[in-house]
Amino acid sequence: MLTKRIIPCLDVKDGRTVKGTNFLNLRDAGDPVELGARYSEEGADELVFLDISATLERRSTFLHMVERVAESIRIPFTVGGGLRTVDDIVKALDAGADKVSLNSAALARPAFINEASQRVGSQSVVLAIDVKRIETRWTVWTKAGTEPTGRDALEWAQEGVNRGAGELLVTSMDRDGTTRGYDNELLSAIADLVNVPVIASGGAGSMEHVRDAILIGRADAVLAASIFHYGTIRIPQLKQYLRSYSIPVRL
C-alpha cells in the first residue's frame, strides 16, 4: 500500500476560513494563513485552499492570499476557485501553489482540462467533483454546489482523467459537514474506474471515518476541514491511529 496523505482543507470566503454543512450555513473557522502554518507544523502532507465564492462572484482567486499562505507553509499546496483560463492557472502556480483544483470551469468547457494539463502537466491538475446522490445515481453539481449539471459522476471522473487530470478530489455534498463519515461506496466506485489518486472529501467526524475512507473507499488521500479547524482531531494523533491499522503514513 502506498503512503496515504492527510490534507486539511481551507474553504475561504472574504479572507476567512469558513465551514458549513452540505455546502450551506457557513461559520467562521479562523485565519487561513495561521491555520495553514499550524497544519504544516503539525505534519499535514498537503494543504488545499478553495476560494469558494470566486466562481459565484465571477472573479479570480485572491492571489495575494495564495502568496501569504504559500509563504507560511512547507508542504505542497493546491489552490482552487475562480480559475477560468490557463493564464489564471499559471498565475496561481507563480503565486506559490503546487497544484490547481478545477471544477466549474472544467464542467463548462471540458477541453480546459486538456489545455491545463498540456501547459502545466497532469501532476499539477486536480479535478474537483462535487457529488449528490439522486436515488441510485451520483450526479455532479457546479458553481460551489449550487447548480445541478445532470452529469453522471462516474462518467465525469473517467472523462476528466482521460483529458489529463492527474488527481480527483471527490466531495460528497450529502456528507459534507455532517461528520457522519465519507461516502465510501462513491469513492470505491470511482477508484475502480481510474488510475490516478482519489482524494476523499465530505463527512469526516472521527479517526475511524478516515481509516474507512482508505480501507473501504480505497482513497489515496483524505481531506478534512472541521475536525482539524475546531480541534476535534490533531493530525499527529490521526496518523498514529492509522499506523496502528498498518496504513502507511508519513510521520
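Looking at region 197-251 only, could you name the residues that are among the aromatic types (Phe, Trp, Tyr) and over 16 Å from the mean Cα position of the chain (by Cα)? Scanning region 197-251 gives Tyr230, Tyr241, Tyr245.
Going by the structure shown, is Ala144 surrounded by fewer than 23 Cβ atoms within 10 Å (Cβ to Cβ), more than 15 Å from the chain's Cα centre (by Cα) and of a type in the set (Gly, Ala, Ser)? Criteria not met by Ala144. Could you count how many residues in region 222-241 are touching a residue at least 12 places away in the same chain (Cβ under 8 Å) and over 15 Å from Asp11 (Cβ atoms)? Matching residues across region 222-241 total 10.
Residues in region 143-170 that are of a type in the set (D, E, K, R) and in a helix (DSSP H, G or I) were compared, and the one that is farthest from Ile190 (Cα to Cα) is Glu159. Here the condition is being at pLDDT 95 or above and in a helix (DSSP H, G or I); of Val90, Val140, it holds for Val90 alone.
Restricting to region 176-200, give me the number of residues that are assigned to a loop (DSSP other than H, G, I, E, B) and within 19 Å of Leu127 (Cβ to Cβ). Counting residues in region 176-200 that are assigned to a loop (DSSP other than H, G, I, E, B) and within 19 Å of Leu127 (Cβ to Cβ) gives 7.
Please state which one of Ala116, Ala106, Ala111 is more than 28 Å from Ser72 (Cβ to Cβ), touching a residue at least 24 places away in the same chain (Cβ under 8 Å) and more than 17 Å from the chain's Cα centre (by Cα). Of the residues listed, the single one that is more than 28 Å from Ser72 (Cβ to Cβ), touching a residue at least 24 places away in the same chain (Cβ under 8 Å) and more than 17 Å from the chain's Cα centre (by Cα) is Ala111.
Say whether the condition of being under 16 Å from Leu2 (Cα atoms), charged (D, E, K, R) and not in a helix (DSSP H, G or I) is met by at least one residue in region 201-211. For region 201-211, residues under 16 Å from Leu2 (Cα atoms), charged (D, E, K, R) and not in a helix (DSSP H, G or I): absent. Which condition number in (1) crowded, with 23+ Cβ neighbours inside 10 Å; (2) within 19 Å of Leu83 (Cα to Cα); (3) at pLDDT 95 or above is the one that Leu187 fails? Condition not satisfied by Leu187: (2). Listed by first and then second residue, the pairs linking a residue in region 184-203 that is touching a residue at least 24 places away in the same chain (Cβ under 8 Å) and farther than 9 Å from Gly217 by Cα to a residue that is assigned to a helix (DSSP H, G or I) and not aliphatic (A, V, I, L, M), with Cβ atoms under 6 Å apart and 6 or more places separating them unless they lie on different chains, are Leu193/Gln158. A single member of Ala108, Ala116 is under 24 Å from Arg163 (Cβ atoms), at pLDDT 90 or above and surrounded by fewer than 15 Cβ atoms within 10 Å (Cβ to Cβ), and it is Ala108.
Residues considered: Arg175, Arg151, Arg137. Of these, the only one that is among the basic types (Lys, Arg) and touching a Gly at 6+ places or on another chain (Cβ under 6 Å) is Arg175. Scanning region 212-242 for residues that are part of a helix (DSSP H, G or I) and modelled with pLDDT of 95 or more turns up Asp212, Ala213, Ile214, Leu215, Ile235, Pro236, Gln237, Leu238, Lys239, Gln240, Tyr241, Leu242. Ala219 meets each of the listed conditions (1) touching a Ser or Thr at 6+ places or on another chain (Cβ under 8 Å); (2) buried (at least 19 other Cβ atoms within 10 Å of the Cβ); (3) under 21 Å from Asp11 (Cβ atoms) apart from (1). Scanning region 212-241 for residues that are of a type in the set (D, E, K, R) and within 14 Å of Gly181 (Cβ to Cβ) returns a single hit, Asp212.
The values are calculated or read from the model by the stated rules, or taken from the named source; none is laboratory data. Quick caveat, the model's predicted, so the values are computed rather than measured. Neighbour counts run over all protein chains shown; Cβ positions are idealised from the backbone, glycine included.
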